[in-house]
Amino acid sequence: MLEVKDLHASVAGKDILKGLSLHIKPGEVHAIMGPNGSGKSTLSNVLAGRDGYEITSGEALFNGVSVADMLPEERARAGIFLAFQYPVEIPGVSNMEFLKSSMEAIYTARGQEPLDAVTLLRKAREVCKLVDLDQQFLKRGVNEGFSGGEKKRNEIMQMLLLEPRLALLDETDSGLDIDALQVVAKGVNSLRSPERSIVLVTHYQRLLDYIVPDFVHVLAGGRIIKSGGKELAHELEDKGYSWLEGHDA
Amino acid sequence: MMLPDTLKEQALAGAALLDKELQEQAKQQSPHASNGLSAVRDAGRVALAEQVFPDKKVEQWKYTSLLALQNGHLKALADKTSSTVSAPDFGGVTLTIINGRLPALLPEIDGVTFSQEAVDQSAQAESVFSHYNAATLRAALTIKVAKGTHVAEPLHLIIISESDSPASAAVRLHIEAADNSTFTVIEHYVGSGPTLCSSTTSLYAGANSNVQHYRLQSETPESLHIGELSIHQQRDSRVASYQLMQANTLRRNNVRVWMNESGADLVMRGVFIARNKTHVDNQICIEHAAPHCTSDQIFKGIAGESGKAVFNGRIHIHPGAKGSDAKLSNKNLLLSNGAEIDSKPELEIYNDDVKCAHGTTVGQMDSQQQFYLQSRGISAEAAKRMLGVGFINELLMALPNERVAEWARDWLSASL
Ligand SMILES: Nc1ncnc2c1ncn2[C@@H]1O[C@H](COP(=O)(O)OP(=O)(O)O)[C@@H](O)[C@H]1O
Ligand SMILES: [Mg+2]
């Protein structure tokens, strides 16, 4: 699904990722943990194709194709989804109008007939319910005036509608109370399937109580410095990131 | 010859040509008849002969060049008498004007009279183009709404300018809504070909009247339009004017609102979009000439590629106009580096007892918003269009006529 090999990337001329490697197979759930500023969001943004996040060497292959040659929308159409750490507000563009354009583009790319307006609305309402988001949010501007938790649930709502093959969740758990965390986890778990891969980028262990990962990686200084099974997360929780400081994978 | 002189010569030639044609037509119909507007045209030609066409040294024309007119639009007259150009149906009563010609039958609405009277607008002339308009009128339309009349349905004026080669067509509208009346009028300018539409519209809102006015300008990019709009408000009148436009080869609107008596209230909303080498210039002036009037203007502009937009919003509070409340906002969005928007508010206040708020901004498209949409599979182009429509959405949402609003959303998003 995703193969990242010795990836070096810079943001605004500053080297952030310094030789990151990661291999994710279909059906797997990986957690990437690491201290603030270690490059977690940078990795997410590089994979999603944000302007200014430049791959300087190494490569990231999605189903065998280098993402570097793809526009952000092409990556999305191929099945990459990024749930943003800080979803941007877009006043004037209604959530529903946005979902319609997005669904149309992605369904068409997959060779599927786009949903008609009625079916789309019904589906959107269903997933809103699943993530405990009032239907009124469909009419509002994209993320406009949403609380932090509502923004995160709106991301998960989109993910459930778009059914990506690779979902990258960038600190979707941050700032959520325990109820919201469970709602998000329920949404993500409902998407788990043998064809789909999920990357949970998180600062804390607690999300992993609800979405149990197959692998846990520790990212520090722009590289994966340790990988292991789910027990690694607990170890980190007990000992803190300082435990790994100076440690090299 | 310098451009201003060339243009003047062509304008006079065009005016003479039209007058001759119309005189001959009148003679054919009856030896003694003369076209009813010949005196207006004569006066127009006399005034035109005394005027100088502006160049960029004239402050009000600093950002707008008349160079596009050198192709001869002024000297030839658009002669098509029927048109294939279509306009959307907004409900209500429709009246179509083709290249300055009125239909043989004017509509009938209870409490509203239609006539071909040409009301003298020379005192309100904003530029030489008012006189050109007078000098090249084939017809004029005057609409009077009687006192206390409430007209529920909108009157939809479809003004078509169409020609295959550079040519002009003049149209003059005069609308009076008498005291205590309620009226909605939609001016919709459409057309095709390299036609210059020369328009003048005057709108009088009587005491305690309620007038909704739409000015939609959706002519094709190769067209030109130089228009003048004056609004005159009496005591406690309420006017809402919605001006939506797509830029073209040369679009210029001179708009002046006279708040002549106390308690008048004006709401003005505007959207202008300039893409692909098109140009739009709005010069708006609100004359607060009486106490306790309120004016509230919001204009939003978008320019992309090498499109250029100019906005000049002047608020003039006269010495006796105490308790005036004037607001002006013009926010603009640039879609690319080659685009240009020049926006300037001008305040002229001769009174201490006023509330005045104004602001203009020019900003770029937000790259984070664009990336967010693209990350959901939406193409860069479509994302730009969505964000552009999002930018003007608040104004589209606030259009009271739903059919106009729905059409305008499709039209403006297609023009982005
Ligand atoms: N747009 C940017 N411009 C400059 N520096 C950036 C930018 N984005 C991130 N960085 C820097 O890159 C490093 C990694 O940031 P980030 O990937 O956001 O870390 P994390 O998500 O792990 O907290 C930090 O030092 C941060 O300051
Ligand atoms: Mg981060």
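Of all the criteria given as (1) crowded, with 19+ Cβ neighbours inside 10 Å; (2) of a type outside the set (Val, Ile, Thr); (3) farther than 26 Å from A:Gln158 by Cβ, the one not satisfied by B:Ala405 is (1). Filtering A:Ser21, A:Ser10, A:Ser101 for residues that are assigned to a strand (DSSP E or B), farther than 24 Å from A:Ile211 by Cβ, modelled with pLDDT of 95 or more and among the hydroxyl-bearing types (Ser, Thr, Tyr) leaves a single hit, A:Ser10. As for the range A:159-179, it holds no residue that is in a helix (DSSP H, G or I), within 15 Å of ligand 2 (Cβ to nearest atom) and at pLDDT 95 or above.
For the range B:198-212, the set of residues classified as farther than 20 Å from B:Glu117 by Cβ and assigned to a strand (DSSP E or B) consists of B:Asn210, B:Gln212, listed by residue number.
Counting only residues that are within 8 Å of ligand 1 (Cβ to nearest atom) and open to solvent by less than 10 Å² (accessible area, probe 1.4 Å), the range A:10-38 holds 2 of them.
One residue stands out among those in the range A:39-67 that are under 18 Å from the mean Cα position of the chain (by Cα) and away from ligand 1 (no atom under 16 Å from the Cβ): the one that is farthest from B:Asp366 (Cα to Cα), which is A:Asn63. Within the range B:173-202, residues that are closer than 16 Å to B:Val93 by Cα and open to solvent by 10 Å² or more (accessible area, probe 1.4 Å) have Cβ atoms under 6 Å from residues that are at pLDDT 95 or above and not in a strand (DSSP E or B) in these pairs: B:Thr184/B:Pro154, counting only partners at least 6 apart in sequence or on another chain. Could you list all residues from the range B:339-395 that are facing chain A (nearest Cβ under 7 Å), of a type in the set (D, E, K, R) and either open to solvent by 30 Å² or more (accessible area, probe 1.4 Å) or within 28 Å of the chain's Cα centre (by Cα) (or both)? Within the range B:339-395, B:Glu394 is the sole residue that qualifies. For the range B:154-197, the set of residues classified as outside any strand (DSSP E or B), farther than 25 Å from B:Leu66 by Cβ and in contact with a strand residue (DSSP E or B) (Cβ under 8 Å, 6 or more places away or on another chain) consists of B:Pro154, B:Ala178, B:Ser181, listed by residue number.
Residue by residue, here is whether (1) modelled with pLDDT under 95; (2) more than 16 Å from ligand 2 (Cβ to nearest atom) holds:
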{"residue": "A:Val183", "(1), (2)": "yes, yes"}
{"residue": "A:Ser197", "(1), (2)": "no, yes"}
{"residue": "A:Tyr204", "(1), (2)": "yes, no"}
{"residue": "A:Lys226", "(1), (2)": "yes, yes"}
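Among the residues of the range A:112-126, write down those that are within 14 Å of chain B (Cβ to nearest Cβ) and open to solvent by 60 Å² or more (accessible area, probe 1.4 Å). Listed by number, the list holds a single entry, A:Gln112. Here A:Ala105 passes the criteria (1) of a type in the set (A, V, I, L, M); (2) touching a residue at least 60 places away in the same chain (Cβ under 8 Å); (3) within 14 Å of another protein chain (Cβ to nearest Cβ) except the one numbered (2).
The values are calculated or read from the model by the stated rules, or taken from the named source; none is laboratory data. Here the structure is a predicted model, which is why all the values come from computation and not from measurement. Here the Cβ is made from the backbone with ideal geometry for all residues, glycine too, and neighbour counts use every protein chain on show. Remember, those area values only see protein heavy atoms, side chains included, never the ligands or the DNA or RNA. Shrake-Rupley method; radii C 1.70, N 1.55, O 1.52, S 1.80 Å.
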